[in-house]
Amino acid sequence: MWRLVLLPLSWLFGLGIRIRHFLFNVGILPVKSYDIPVISVGNLSLGGSGKTPHTEYLVRLLLKEKMNVAILSRGYGRKTKGYYKAKTESDSTQIGDEPTQFLTKFGKHITLAVDENRREGIEKLMKEDENLDVILLDDAMQHRYVKPAFSMLLTDYRKLYSDDYLFPAGGLRDVKSAAKRADVIIVSKTEKMLSPIVRKDIHKKLNIAGHQKLYFSYLHYEKLVSLHDLQKKNFEKKYSTIILFSGVANPYPLKDYLRYRCRELISLDFPDHHFYTKKDVELIVKTYEDQFTRNKAIITTEKDAMRLINSPYLRVLKDLPVFFLPIEVRFHGHDGEDFNDQILKYVRKNPRKR
């Protein structure tokens, strides 16, 4: 019922988006391309489709091929403005939580920068490093002032864009027809077992165009990592209680994963990209202390951990077993090989013009 009430607002929102796309399509608003491979990773939804782990997948793939890689992100939630090139000591207040995660994992091997203006960011990266081979644009599907030569679109398996509505009646921030600009569409966060019938059904639902490739991926969870000393730890065979706190758009895959590793899962859900206050941390501690069992732990996402590592409130959690759970993307069947081949062929056939 609430969706019907909000649909008129969604139509108005959609009208504004369509006008904006029209202005780009006819050249009234300028679009610029660059003489360097630019790969955009984005979605049509307000968040939660898995852009971060898929960007990390691309980084690993390209680094394995000895390429010089840069990531350019908006840096959502940071307190800095404009172009900011990450340093070893940069934190989430300077570059945002997702870039901090990239920096933690790949800082010594990549160039990382944030800029709301992607055109200025690309141009500064290219000017600063003549040896740069490829630029990854994190969350740039809607940034049409840049025309990426290769565009990846992600959509959540449990909430395909074809089944969703525009905000505020639904979770889409862009019209469904915008998907046609993508070269690759990845259905993310699927089950580990996926039948050919389901794949065929989704292919039909998404109305994949002739120039597009469709792939299916799922999340693989790594070992727990202590938030205090960053040491890895195996899961206990079965925790009595796990307190999960998260500030991400769609925490359901992690919840599903943890339910099989404890008798009771208590979830504290915060808004996406949430920066934790002292009151929030005290709530987490109280929730932990209220559980009458010794076999208990506090777990969060890797993205949330990036916001807490340099927080002044981390000390409140210092005596508690607090862990985050890193994730990696895996592809189904031959999708990984085909996807890798497509990405590498694009980069090699379109080298930077120096």
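Test Y218 against the stated conditions and say whether it is farther than 30 Å from A178 by Cβ and of a type in the set (F, W, Y). It is false that Y218 is farther than 30 Å from A178 by Cβ and of a type in the set (F, W, Y). Scanning the range 243-250 turns up at least one residue that is in contact with a Phe, Trp or Tyr (Cβ under 8 Å, 6 or more places away or on another chain), over 29 Å from F150 (Cβ atoms), assigned to a strand (DSSP E or B) and among the β-branched types (V, I, T).
Screening L23, L46, L61 for residues that are farther than 30 Å from Q101 by Cβ and either at pLDDT below 95 or more than 13 Å from the chain's Cα centre (by Cα) (or both) leaves exactly one candidate, L23. Residue-level check: of (1) more than 22 Å from the chain's Cα centre (by Cα); (2) touching a residue at least 12 places away in the same chain (Cβ under 8 Å); (3) assigned by TED's automatic domain parsing to the domain that holds T55, L344 misses just (1). So, in the range 165-183, exactly how many residues are within 10 Å of L44 (Cβ to Cβ) and touching an Asp or Glu at 6+ places or on another chain (Cβ under 9 Å)? Within the range 165-183, residues that are within 10 Å of L44 (Cβ to Cβ) and touching an Asp or Glu at 6+ places or on another chain (Cβ under 9 Å) number 4.
For the range 234-254, filtered to residues that are in contact (Cβ under 8 Å) with a residue 60 or more places away in the chain and under 25 Å from the mean Cα position of the chain (by Cα), the residue that is surrounded by the fewest Cβ atoms within 10 Å (Cβ to Cβ) is Y252. Just one of the numbered conditions (1) in the same structural domain as C262 (by TED's automatic domain parsing); (2) part of a strand (DSSP E or B); (3) aliphatic (A, V, I, L, M) is not true of L230: (2).
Within the range 226-245, the set of residues being closer than 10 Å to L325 by Cβ and in contact with a helix residue (DSSP H, G or I) (Cβ under 8 Å, 6 or more places away or on another chain) comprises L244 only. Scanning the range 251-265 for residues that are closer than 17 Å to D97 by Cβ and outside any loop (DSSP other than H, G, I, E, B) yields a total of 1. Among the numbered conditions (1) touching a Gly at 6+ places or on another chain (Cβ under 9 Å); (2) at pLDDT 95 or above, the only one that T55 does not meet is (1). Of all positions in the range 160-170, none carries a residue that is crowded, with 16+ Cβ neighbours inside 10 Å and closer than 27 Å to I36 by Cβ.
The values are calculated or read from the model by the stated rules, or taken from the named source; none is laboratory data. For clarity, every value in this text was computed on a predicted model and none was experimentally measured. For neighbour counting, all protein chains shown are included, and Cβ atoms are generated from backbone atoms with ideal geometry for every residue, glycine included.
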